[in-house]
Amino acid sequence: MAPKSESGLQRKPFVSEPALERAERLANLLASIVESSDDAIVSKNLDGIITSWNKAAERIFGYSASEAIGQPITLVIPQDRQSEEIAILTRIRRGERIDHFETVRQRKDGSLINISLTVSPVKDANGIIVGASKIARDITEQNELRNRLAFWLARRSTEPRTSSRTYRQSSIFLNPTRPRASRK
């Protein structure tokens, strides 16, 4: 029996494995990582055609892998943002990586979703760029919370403080600590 590592995965010595077996095991591990991610992980070729689509992409965008693979990535890009894809592909062809680009994408049902997008070039065994991997995280909820907080803070700054009680109640919203027992 092979010894277990701290993470619970069994470790086999790499030197005794045939190269093909080792490559297969690594490919299976990487596929498992991609499939278990909460973020949409999608790959596309340099023509913008989707070549892979994980379970999170299905959940976030509403298209199954069989519906998305083979389709242009513009499938999830709203009409008014189509130029973003041209700019992304241009940068990828130059070997650039795009980090945490906040944008809007469209689900199968037509609803819009705020995402943070990271796009990286994918290279073949010879180091030639053949496509891109995209990792998309749904940030709709975070944006809504940020907007509500900004609205509340702006509103609060324009209202005069009428009493220390109002101030204490406002502070609870920003710093929800346990209230102290009142002294008699």
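Here, each number is a calculation from the coordinates, and none is a lab measurement. Bear in mind the structure is a predicted one, so any value in this text is a computation, not a measurement. Here Cβ is always computed from backbone atoms with ideal geometry, including for glycine, and neighbour counts include all displayed protein chains.
Give the residue that is farthest from T74 (Cα to Cα), with candidates limited to residues of the range 119-161 that are in contact with a helix residue (DSSP H, G or I) (Cβ under 9 Å, 6 or more places away or on another chain) and part of a helix (DSSP H, G or I).
Per the stated criteria, the residue is R156.
Could you check how many residues of the range 27-79 are under 18 Å from A132 (Cα atoms), among the hydroxyl-bearing types (S, T, Y) and in contact with a Phe, Trp or Tyr (Cβ under 9 Å, 6 or more places away or on another chain)?
1
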